[in-house]
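Report on the structure given below.
The values are calculated or read from the model by the stated rules, or taken from the named source; none is laboratory data. Since the model is a prediction, treat every value here as computed from it, not as a measurement. Cβ sites come from the backbone with ideal geometry, for glycine too, and all protein chains shown count toward neighbours.
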Amino acid sequence: MTGDRTWDLAVQPTPLHLRTSQFNVANRWTDELGWTLPSVYSSIASEHAALRNACTMSDLTALATYSLRGADVGSYLNRLAGGTAGTVKVGASRRAVMCDDRGGLIAEGVVMRADTADWKLTLPVRCLDWLTLSARGFDCDIEDVSDHVCAFAVEGPSSCAALLAAGFAGLEALRPGGVRQLKVGSAGVTVMRRSATGGLGYEVRCAVSDALFVFDRTRRGAELFRPVLAGEQVRSLARLEAGHCRLRTDYESALIAREVDRRSPLELGLGHLVNLDVGPFTGKAALVRQKREGAHRALVGIELDGASLPEGRLLSMSTEIVGRISSLGWSPARKRIIGLADVRAASLGVNRQLSATGSDGRPVSARIVPRPFYVCPNAHRTPPDAH
Amino acid sequence: MERFDVIVIGAGHNGLTAAAYLARAGLSVLVLEKNDYIGGAAVSREVEPGFIYSSCSYALSLLRPEIVRDLDLTLHGLRVVPYEGSVTLMGDGRYIASSSHPDVMRRELARHSGSDADAYHRYGRDMRRQADIIAPWLMQSPPDPAALSPTKIRKTLSLLADMRSLGQEGLEGAIRFWTLSASDLLDRYFDSDVVKAHLAASAVIGTGLGPMSPGSAYIMLHHRIGGLDGAAGSWGHVRGGMGTVSHALAASLKSFGGEIRTSSGVSEVKVSKKRAVGVVLEDGTQIDAGAVVSGLELKRSVLSLLDWNALPKGFTDRVSEFRTRGSSAKLNIALDGLPEFKDLPHDCPSLDGDIRLCGTISDMERAYDDWKEKVMPRDPYIEMVVPSRLDPTLAPPGKHVASVFVQYVPDTLIGGSWTDANRAKLEEVVLNKIERAAPGFRNKIRHVETRTPAELESEIGLTQGNIFHGELTLDQLLFNRPLPELAHYRTPVHGYYLCGSSTHPGGGVMGAPGANAANTILADISPRLLRSRPA
Ligand SMILES: Cc1cc2nc3c(=O)[nH]c(=O)nc-3n(C[C@H](O)[C@H](O)[C@H](O)COP(=O)(O)OP(=O)(O)OC[C@H]3O[C@@H](n4cnc5c(N)ncnc54)[C@H](O)[C@@H]3O)c2cc1C
């Protein structure tokens, strides 16, 4: 065998890899959906501080992006995702949950609509086969454009100001969830005001061929605001603080989950994203039944005493095991350990004293608390406060 | 006269597994093998000096981890080198190089179809679900729906309850998997003919079914149940060839005090008062035993070794009806260099695994049609591995061995039997097909050994050359394997048991039939034996 390497089928770098690798001081990487992404650039503490107090930029490429076209896109999306996804107006976006026929959550995603004919669906799973299967009988063409779209996030309290400085004119008027098409230099970009971190934030999308140009232009233009690059770990922590459940951490997609791991949007606390009062949508019958009979499980927010992470993942109430912690982290924003736990619905509301096992083997007491753990009022203000 | 607690006939890997478990339980055990080597179809042989062939089976996946653990096979020399993928070459330039990394696999499938690439996850989930249902059944006697004893009913019910917990949809899914054709099942998930061919390949191995025959979907499942280190369906090369499995089993057996005699073919099982009391060897020697276990294929175990007069009426007919049609041949090739496939970069890592020369599902079905007509295969399905890429002990440096499995080779030809001339013709067909995919291949050949179903029958005793000791179709599986009255490893002759691949759960280098049979035997005899023994 020669030393040359011609075989290149592998997890791929993203269109921003040149930059993300340049700034990745810690050189820590992870992979998502077949792309390599920085896991930590410098340190979780400094990236988190920037995210909550200043401004960060992150590579968002590890999302599946589908472009939808046709006369029936709206009704198709309603049918596909909770009866609500197709109601998005031009220039807006909304979260949507997709279930299988038995009401199991496939994934939570975002539908955005930059103009009348341009619908995009972004998801943390690949499921073109499911989308296509669901499109039978609708005038709706679905194309996987993930390899052609580059996406990055600009987040944090000064993100609006930073983008304005970088030439994203008029962004201050964009309302939460709003979508707008702009020009950056000669490149067309789509900006959506949305962030899963619980604070102010924007997602910028452009063609892969323009990726480095747009990214650099944004970073340099926003120099005054010192954007810090934030990796997957800090984004994941921020999403936990915002109370969001995360695919592959807090639930598994019904498309691949084992029977015992299937969860419905109601069980995961995403009931507000389905509308059980509108016409038929996939999984509705099962969800209606579950709502009537009551769900068996619930994903709840928890807080733990102490400052060190517990050893075990099981949650018990007196001696009985009532659930399992699915994610956990020290929240720099709340200065305490927060997490999400999948518990038996029957154990809710009775006696709320729960415990996990600490690293010394002793019980650590835990409480069920409402989500989110962190909200930033700025996330909802238009125009956002300038920092 | 010599006497052992148990005599095991045949040193195939199942016979050895049963023997090792029995010896481990404290019984005196003798294994008798007709050949001058052990292993049966799990064997390594040096036919061309310096080159080790896995003469029959070559890819390990099904071997039960419980057996590796209980018999300490790793301590006795078992080494498995897992491989990560396989290659399917369509012959028209298109190919799939599979990978065990899900995202890399998705990219590869997406070259053919984006939606198939995503459907693969769903397909994987459904296959895993079905494999999970079946796997626990492999290491216990199959459920017997007709049995009336309360303990048996309870056991059957608990297995059926496992199935019930699947829910209505799960049950429907299971039935569908067991009855559909591979082609129809794949049509439910995929569009691309390349993707479908890639996945259907495992459905045709060793069967008398075409990819379009109902029931062939189950074969894909059967091949997927295996677990190397708990990863379902992963495959590996055994270091030193497949014979290492048999040698590790033999070493384990000996460590428990068991004994193996080669060149000791058994010609008869002695029966007295409806009870097996020993065996007679081909040279006339008689050896007594408290119990006799046959690791041979069903027809040989019953029709050749037992006195038909001692058997219940109609039993021999039912045994004769057990389907054992052969459908596979094997070429073992010593090579002076690595084959280079024209459609693939030389450093494609999936070349470490199996390389299928297959064409579409329709092409495979046509190969199957030839088999039904019993004509010389014109364009058979070929699965080859070059294990020496990963295992340097198999060939001198720079040289290689290739294991070539040929599917849909009839056990007899319409124009006669497998004569030397016919065997040479088959060899030509196969080598030419490989040459087309890997130009220059034939120039690298030093030695070829071609084994048609006829050789498999005469050397190892696989009736009609069926590699699994009987076809793996649902009517011959679980509580029907090999026959309902034989499903628990016992025969109408008391003290005579079956432990070969004809029994549940079936063929493959799995060891489960041997282990299960040993369990049954221990339950039957050890209280009696252990009572008669001084403490
Ligand atoms: C060509 C080929 C390729 C295969 N490929 C694979 C593969 O890649 N992966 C896989 O998992 N499985 C494969 N298999 C199947 C697998 O090898 C067999 O199912 C398995 O090895 C059978 O084991 P066994 O112990 O049940 O029987 P056998 O291995 O058949 O053992 C029976 C033994 O009994 C001996 N015997 C016969 N008659 C007598 C007698 N009268 N007295 C004493 N001894 C006797 C035989 O010599 C033999 O040693 C393949 C089989 C073949 C033939």
Is it true that residue A:115 is within 13 Å of another protein chain (Cβ to nearest Cβ) and either buried (at least 23 other Cβ atoms within 10 Å of the Cβ) or under 21 Å from residue A:92 (Cβ atoms) (or both)? no
Which residues, counting only those in the stretch B:99-115, are under 20 Å from residue B:187 (Cβ atoms), more than 7 Å from chain A (Cβ to nearest Cβ) and touching a residue at least 40 places away in the same chain (Cβ under 8 Å)? B:109, B:112, B:113
What's the number of the only condition in (1) within 14 Å of chain B (Cβ to nearest Cβ); (2) within 17 Å of the chain's Cα centre (by Cα); (3) on the phi < 0 side of the Ramachandran plot that residue A:33 fails to meet? (3)
Cβ-Cβ distance below 8 Å, separation of 6 or more or different chains: which pairs start in the stretch A:250-274 with a residue that is within 14 Å of chain B (Cβ to nearest Cβ) and within 17 Å of residue A:123 (Cβ to Cβ) and end on one that is crowded, with 21+ Cβ neighbours inside 10 Å and aromatic (Phe, Trp, Tyr)? A:255/A:130; A:257/A:251
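Evaluate the following for residue A:61: is it surrounded by 14 or more Cβ atoms within 10 Å (Cβ to Cβ), in the same structural domain as residue A:205 (by TED's automatic domain parsing), of a type outside the set (Phe, Trp, Tyr) and within 19 Å of residue A:216 (Cβ to Cβ)?
Details: surrounded by 14 or more Cβ atoms within 10 Å (Cβ to Cβ): yes; in the same structural domain as residue A:205 (by TED's automatic domain parsing): yes; of a type outside the set (Phe, Trp, Tyr): yes; within 19 Å of residue A:216 (Cβ to Cβ): yes.
So residue A:61 fits the description; yes.
Of the residues that make up the stretch B:330-344, is at least one within 29 Å of residue B:191 (Cα to Cα) and surrounded by 19 or more Cβ atoms within 10 Å (Cβ to Cβ)?
Step one: list which residues in the stretch B:330-344 are within 29 Å of residue B:191 (Cα to Cα), which gives B:341-344.
With the extra rule that they be surrounded by 19 or more Cβ atoms within 10 Å (Cβ to Cβ), the set shrinks to B:341, B:344.
Yes - at least one qualifying residue is present in the stretch B:330-344.
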Just name the residue that is farthest from the other protein chains (Cβ to nearest Cβ) out of those in the stretch B:345-363 that are surrounded by fewer than 23 Cβ atoms within 10 Å (Cβ to Cβ) and either in contact with a helix residue (DSSP H, G or I) (Cβ under 6 Å, 6 or more places away or on another chain) or within 20 Å of residue B:84 (Cβ to Cβ) (or both). B:360
Among residues belonging to the stretch B:17-34 that are within 12 Å of the ligand (Cβ to nearest atom) and either assigned to a loop (DSSP other than H, G, I, E, B) or not hydroxyl-bearing (Ser, Thr, Tyr) (or both), point out the one that is nearest to residue B:235 (Cα to Cα). B:18
Evaluate the following for residue A:218: is it assigned by TED's automatic domain parsing to the domain that holds residue A:130 and farther than 27 Å from residue A:14 by Cα? no
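So which of B:456, B:472 ends up being within 15 Å of the chain's Cα centre (by Cα) and more than 9 Å from the ligand (Cβ to nearest atom)?
Values: B:456 fails: more than 9 Å from the ligand (Cβ to nearest atom).
One residue alone meets the criteria, B:472.
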Would you please list the contacts, defined by Cβ atoms under 7 Å and residues six or more apart or on different chains, that run from a residue in the stretch B:495-510 that is away from chain A (no Cβ under 14 Å) to a residue that is part of a strand (DSSP E or B) and near the ligand (Cβ under 8 Å from one of its atoms)? B:500/B:12; B:509/B:60
For residue A:66, work out the one condition from (1) of a type in the set (Ser, Thr, Tyr); (2) closer than 25 Å to residue A:376 by Cα; (3) in contact with a helix residue (DSSP H, G or I) (Cβ under 8 Å, 6 or more places away or on another chain) it doesn't fulfil. (2)
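For the stretch A:1-30, give me each residue that is among the polar types (S, T, N, Q), within 14 Å of chain B (Cβ to nearest Cβ) and surrounded by fewer than 14 Cβ atoms within 10 Å (Cβ to Cβ). Full working, then the answer.
At the first step, the residues of the stretch A:1-30 found to be among the polar types (S, T, N, Q) are A:2, A:6, A:12, A:14, A:20-22, A:24, A:27, A:30.
Still in the list and also within 14 Å of chain B (Cβ to nearest Cβ): A:2, A:6, A:12, A:14, A:30.
Selection gives A:2, A:6.
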Mind counting the residues in the stretch A:286-340 that are closer than 26 Å to residue A:375 by Cβ and hydrophobic (A, V, I, L, M, F, W, C)? 16
Subset of the stretch A:200-212 [part of a helix (DSSP H, G or I) and in contact with a strand residue (DSSP E or B) (Cβ under 6 Å, 6 or more places away or on another chain)]: A:208, A:210, A:211
Within the stretch A:328-387, track down each residue that is among the small types (Gly, Ala, Ser) and over 30 Å from residue A:293 (Cβ atoms). A:329, A:331, A:333, A:358, A:359, A:361, A:365, A:379, A:386
By residue number, the members of the stretch A:19-50 that are among the aliphatic types (A, V, I, L, M), over 29 Å from residue B:346 (Cα atoms) and out of contact with any helix residue (DSSP H, G or I) (no Cβ under 6 Å at 6 or more places or on another chain) are A:25, A:26, A:45, A:49, A:50
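Please go through the stretch B:44-74 and pick out each residue that is closer than 16 Å to residue B:511 by Cβ and more than 8 Å from the ligand (Cβ to nearest atom).
Of the residues in the stretch B:44-74, the ones closer than 16 Å to residue B:511 by Cβ are B:56-57, B:59-74.
Listed by number, the residues that qualify are B:64, B:65, B:66, B:67, B:68, B:69, B:70, B:71, B:72, B:73, B:74.
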Find all pairs meeting these conditions: Cβ atoms under 7 angstrom apart; at least six residues apart or on different chains; first residue within the stretch B:401-412 and touching a residue at least 24 places away in the same chain (Cβ under 8 Å) and farther than 14 Å from residue B:464 by Cα; second residue acidic (Asp, Glu) and within 14 Å of the ligand (Cβ to nearest atom). B:405/B:383
